[in-house]
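S.K.: Below you will find the structure I want to go over with you.
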Amino acid sequence: MRFAASSKLWGNGKEVAVAENIGTLLTRKGLITPKQLDEAVAAQKIYGGRLGTCLVELDYLDLETLGAVLGEQLRVPVATLAALQGVSKHTLLLISADLADTLNFVPLSVEGRRLKVAMLSPQDLEACETLGFRTGLRIVPCLVPELRLLAFLERHYGVTRNARYIRLAPEKVVEPRRAAPGPSAPAPDAGARKMFGTLKAGQLLGEDAEGQPASAPVAPPPRLLAQPLRAVSGSIPAGPARRKV
């Protein structure tokens, strides 16, 4: 592949400024903390990869948020997960696996004479010109985060990912996020089970399983005290008078 572990955007040392910009942008938006940014930068120095990739691997950011912020930063559209999942076989056959791997892109769709592609660096004009010359189509580039591009290159073209990028579970990269399960209904307590038993759907209290009145009546609740103490109001009944000895 064209990019190494250091993954420069345009080469000539410009990737450092871009990394600082995306880190500053994410921090300013409150999406990560300065401490998390420092940890991601330290991980990038050790393992390589894009700064955003390191933030996702550290579980400080999700791919959807990263893609949206990168698209805002570079002012380009972002390839959606649905578009990457729904590429037709005809579109995939327009590009060889070697070319997709070399230029770091996945084709998305063909609209007339235009080919929409998901690219790691949509502002790489040289790659767009090469792809347009090879296909004879006008290239419409969209941005895709590094981890997701590598996952779909592997899925669509069988391009093996470097071991450095196989850290996350596949569903976190190529599957949509699932909503967290809601709270489960509380189980009835022992008192409720004793009083109501196991009623079927639509069955009323006082009916048996066949819908007839139950043979044994329900026991009435304990009888309340006839004259409760009025301790709340401070008025407690006086006891019997004592006899003088």
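S.K.: Test residue 93 against the criterion of being among the aliphatic types (A, V, I, L, M) and in contact (Cβ under 8 Å) with a residue 12 or more places away in the chain, and give yes or no.
M.R.: In short, no.
S.K.: Would you mention how many residues in region 67-76 are touching a Lys or Arg at 6+ places or on another chain (Cβ under 9 Å) and either within 17 Å of residue 33 (Cα to Cα) or in a loop (DSSP other than H, G, I, E, B) (or both)?
M.R.: 1
S.K.: If I go through region 45-66 residue by residue, how many of them are buried (at least 21 other Cβ atoms within 10 Å of the Cβ) and either among the aromatic types (Phe, Trp, Tyr) or part of a helix (DSSP H, G or I) (or both)?
M.R.: 8
S.K.: Taking region 108-131 on its own, how many of its residues are in a helix (DSSP H, G or I) and either in contact with a Gly (Cβ under 8 Å, 6 or more places away or on another chain) or in contact (Cβ under 8 Å) with a residue 12 or more places away in the chain (or both)?
M.R.: Matching residues across region 108-131 total 4.
S.K.: What is the one condition in (1) assigned to a helix (DSSP H, G or I); (2) surrounded by fewer than 21 Cβ atoms within 10 Å (Cβ to Cβ); (3) of a type in the set (A, V, I, L, M) that residue 147 does not satisfy?
M.R.: Failed condition: (2).
Bear in mind that the values in this text are calculations on the coordinates, not laboratory data. Bear in mind that the values here come from a model prediction, so they are computed numbers and not experimental data. When we count neighbours, we look across all protein chains shown, and the Cβ atoms used for this are built from the backbone with ideal geometry, even at glycine.
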